[in-house]
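So the structure is just underneath, and the comments pick up after that.
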Amino acid sequence: ILLDAGSTTEALADLLSRRAAVAPSNPADAPELVVITHAVPIAAKLSSAPGIALQILGGRVRGLT
């Protein structure tokens with residue numbers, strides 16, 4: 001999905017980051033959701049969310065290593 005900047009899409013990012021609580025217990029069973037954004041606050045919320053492959057315009061964002 002493509003998320004623009006804004007308070008509504010930031011609220012959606014919060015919901016997406018919390019969806020891991022209801023995701024299957026086996027991560028292999030959970031489909032990966034690709035999220036594309038240019039908004040740094042949204043990228044920050046989703047950068048370490050399980051099951052989300054985050055793409056930020058300008059390059060790929062990976063969680064902390």
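Within the range 46-65, the set of residues being at pLDDT 75 or above and more than 17 Å from Leu2 (Cβ to Cβ) comprises Ser48, Pro50, Gly51. Taking the criterion of being farther than 18 Å from Gln55 by Cα and either modelled with pLDDT of 95 or more or among the acidic types (Asp, Glu) (or both), the only residue of the range 12-45 that qualifies is Asp29.
The values are calculated or read from the model by the stated rules, or taken from the named source; none is laboratory data. In this text, all values refer to a predicted model and were calculated from it rather than measured experimentally. Every residue, glycine as well, gets a Cβ built from its backbone with ideal geometry; the counts of neighbours run over all protein chains shown.
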